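What follows is one structure encoded as structure tokens, with my remarks underneath.
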Amino acid sequence: MAYETILVETRGRVGLLTLNRPKALNALNSTVLREVVEALQAFEADAAVGAIVVTGSEKAFAAGADIREMQPKSYIDMYMEDFFSGWDALGRVRKPIIAAVSGYALGGGCELAMMCDFIIASDTAKFGQPEITLGVMPGMGGSQRLTHFVGKSKAMDMCLTGRMMDAAEAERSGLVSRVVPAADLLDEALKAAAKIAAFSLPAVMMTKEAVNRSYETTLTEGLRFERRVFHAMFALEDQKEGMAAFVDKRSPNFRNR
Ligand code: HXC
């Protein structure tokens, strides 16, 4: 499948999606949105893919939603198009998605990274929600997800001043899971994804679902959900295989069933 704004390939059991609109620092316009959603849905449907990496260029993961595309729009345009709602499709991808972020992840770029399951950042990464400098506010989840990740004080600071956070601060604040040298970013992200993709896919998907549930419900409900899913895992062939392999002192051979 040929895309205009992204590159798509598979490396072993890992689906790799690279944002590729270098002239606009990977600004997210409606073509990028359509292509990203299409490519992720194709990875989701492909039984040979067990995990996904989303990345950008060395200079920019994505410098935000496309300001030129948004600039002429009126309230009624935005409302009738339900602008940005297309990105909600990412939340329906059940396979794990790692964001590998180098350079700018600003506005919608930061929000796209936060829609992924975790973020591995290069030491050059810069995160920010600069929408306030444009006379607006985050519109792809930034005011909510950033607050969950880094807490109210830092989220307010980021959204109200529009300042950028470097990779070290992002790691300290819990926005990113690890920081690696820029030259190693893609390798490290692919290695992490390959590791996940070698596990039992249903177990991985159920684990993702359970962790995500913690954002949406009370502790009591979340714990109940976890226990039900944990019990259900004992219906998996992969549970039998994983535990038998441990007892037999050999590597497991998961069949994704
Ligand atoms: C459209 C963009 C863009 C964007 C960069 N470009 N960001 N085009 N939308 N978000 C384009 C520039 O216009 C320029 O095109 C080219 O990419 C290179 O950018 P430069 O500014 O020349 O690069 P540099 O000087 O290195 O500065 C990099 C930068 C800066 C600091 C990242 O580009 C910048 O501040 N970008 C905007 C960041 C931002 O505000 N993001 C939030 C967007 S709003 P030309 O053709 O001139 O060479 C958002 C959510 C909105 O994401 C939610 C509310 C509805």
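Taken together, the values in this text are just the output of simple stated rules run on the coordinates, not laboratory data. Just so it is clear, the structure is predicted and the values come from calculations on it, not from any experiment. Don't worry about glycine lacking a Cβ; one is built from the backbone with ideal geometry, like all the others, and counts go over all protein chains shown.
What separates the Cα centres of the range 142-179 and the range 35-62 is a distance of 24 Å.
For the pair residue 78 and residue 228, label points projected 7 Å from Cα toward Cβ lie 3.7 nm apart. When the inverse distances between all different Cα atoms of the range 200-248 are averaged and flipped, the Kirkwood radius reads 11.6 angstrom. Note on the chain: antiparallel DSSP beta bridges, both residues inside, total approximately 30 percent of the bridges counted. Less than 5 angstrom separates the built amide H of residue 180 from those of 121, 122, 123, all sequence-distant by 5 or more or on a different chain. Positive end of the dipole of the chain (Cβ unit charges, origin at the Cα centre): among 235, 108, 160, the Cα lying farthest that way belongs to 235.
Temperature 20 °C, viscosity 1.002 mPa s: under these conditions the Stokes-Einstein estimate for the range 50-97, based on its Kirkwood radius over C-alpha pairs, is 160 µm² per second. To the nearest ten degrees, helix 185-197 and the longest principal axis of the Cα atoms of the chain are 40 degrees apart.
Projecting label points 7 angstrom from Cα along Cα→Cβ for residue 218 and residue 88 puts them 2.6 nm apart. Write down Rg/Rh for the chain, rounded to two decimals, with Rg from the C-alpha atoms and Rh from the Kirkwood relation over Cα pairs. In the chain, Rg relative to Rh is 0.99.
Gain on full extension, evaluated as 0.36 nm per residue between residue 68 and residue 235 minus their Cα-Cα distance, stands at 55.0 nm.
Within the range 92-217, antiparallel bridges make up roughly 25 percent of the DSSP beta bridges whose residues both belong there. Computed from Cα atoms, the angle from the helix 237-248 axis to the main principal axis of the chain rounds to 60 degrees. Loop-located GluC sites (Glu not before Pro) in the range 156-245 (DSSP state not H, G, I, E or B) with no more than 12 neighbouring Cβ atoms inside 10 Å: 216. Straight-line cross-link partners of residue 195 among the lysines, defined as a Cα under 30 Å from its Cα and at least 8 positions apart when in the same chain: 59, 95, 126, 208, 240, 249. Neighbour counts of C-beta atoms inside 10 Å place 116, 110 in the sequence 116, 110, starting with the fewest. With bins 10 Å wide beginning at 0, the percent of Cα pairs of the range 106-257 falling in each bin runs 10, 30, 29, 22, 8, 2, 0. Between residue 244 and residue 178, full extension at 0.36 nm per residue minus the direct alpha carbon distance yields a gain of 20.5 nm.
Only helices enter the 222 nm calculation for the chain: every DSSP H run of n ≥ 4 contributes -39,500 (n - 2.57), and dividing by all residues gives -13000 deg cm²/dmol, rounded to 500. With N counted as the residues of the range 174-257, its alpha-carbon radius of gyration over 2.2 N^0.38 Å works out to 1.34. Mean projected area of the convex hull spanned by the Cα atoms of the range 1-140, taken over all viewing directions: 8.3 nm². Under the combined filter of DSSP loop state and at most 12 neighbouring Cβ atoms within 10 Å, the range 1-110 retains these trypsin sites (Lys or Arg not before Pro): 73.
Between the Cα long axis of helix 219-232 and the first principal axis of the chain there is an angle of about 40°, rounded to the nearest 10. Under a Gaussian network description of the chain, with springs only between Cα atoms under 10 Å, the residue in 143, 74, 102 that fluctuates furthest is 74. Over the range 18-98, what portion of Cα pair distances is larger than 17 Å, expressed as a whole percent? Percent of Cα pairs beyond 17 Å in the range 18-98: 53. Of the chymotrypsin sites (Phe, Trp or Tyr not before Pro) found in the range 188-247, those that fall in a DSSP loop while having at most 10 other beta-carbon atoms within 10 Å are 215.
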